[in-house]
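As structure tokens, the structure follows; a few thoughts come after it.
The values are calculated or read from the model by the stated rules, or taken from the named source; none is laboratory data. Since this is a predicted model, take the numbers as computed values, not measurements. Cβ: placed from backbone, ideal geometry, glycine included. Neighbour counts: every protein chain shown.
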Amino acid sequence: MSIFEAVEDFVRAVPPIGALAGLDLGTKTIGVAISDRLRSVATPAEVIRRTKFTDDAAALLKIVAAREVSGLILGLPRNMDGSEGPRAQSTRAFARNLMRLTDLPIGFWDERLSTVAAERALLEADTSRKRRKEVIDAVAAGYILQGVLDRMQHMRWEGGE
């Protein structure tokens, strides 16, 4: 398949029904969130401990297959001014490498404030520091994916899908 910059193009590339996966790529972990088949709610699923790309990709593709995912959204960590630094370049490289291993459409979503929002939500839920550290990346992936799902709903209302 392909990598899509615009969510609108990504949406046209995925089947109308089927779960999507959202990914928060960190240097040590990959947070994974999965939507329901009708794409209304993103749920934090798991955190993959990163080792090397081949192992990371195998773990991710195993989850994707088990959950019958039809598309992948990667959080793109832009700088606050909208520019892209080394982390965004690393995310793009991960997407290019992953594209060689799967036919699933891959899209990007601006994730600038997803980890901040996830941290705030976990603090408000009175989650212990240890537990926050364990789940923060999956919760951030949930925020990334929910942003895309909300945008998709808005597109439907606009008649753009």
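Only one of Leu72, Leu104, Leu76 is under 20 Å from Gly147 (Cβ atoms), modelled with pLDDT under 95, out of contact with any Cys (no Cβ under 9 Å at 6 or more places or on another chain) and not polar (S, T, N, Q); which?
Leu76
So which residues in the range 94-104 are out of contact with any Leu (no Cβ under 7 Å at 6 or more places or on another chain) and touching a residue at least 12 places away in the same chain (Cβ under 8 Å), if there are any at all?
Scanning the range 94-104 gives Arg96, Asn97, Leu98, Met99, Asp103.
Considering each of Val14, Val69 in turn, give the residue that is closer than 19 Å to Ala140 by Cα and in contact with a Gly (Cβ under 9 Å, 6 or more places away or on another chain).
Criteria check complete, one pass: Val69.
Give just the number: which of (1) assigned to a loop (DSSP other than H, G, I, E, B); (2) touching a Phe, Trp or Tyr at 6+ places or on another chain (Cβ under 6 Å) does Pro15 not satisfy?
(2)
Under 6 Å between Cβ atoms, which residue pairs at least 6 apart in sequence (or on different chains) link something in the range 66-93 that is touching a residue at least 60 places away in the same chain (Cβ under 8 Å) with a partner that is among the β-branched types (Val, Ile, Thr) and in a loop (DSSP other than H, G, I, E, B)?
Gly71/Val14
Hey, can you tell me all the residues within the range 18-29 that are outside any loop (DSSP other than H, G, I, E, B) and touching a residue at least 60 places away in the same chain (Cβ under 8 Å)?
At the first step, the residues of the range 18-29 found to be outside any loop (DSSP other than H, G, I, E, B) are 19-25, 29.
Hits for the range 18-29 are Leu20, Ala21, Gly22, Leu23, Asp24, Leu25, Thr29.
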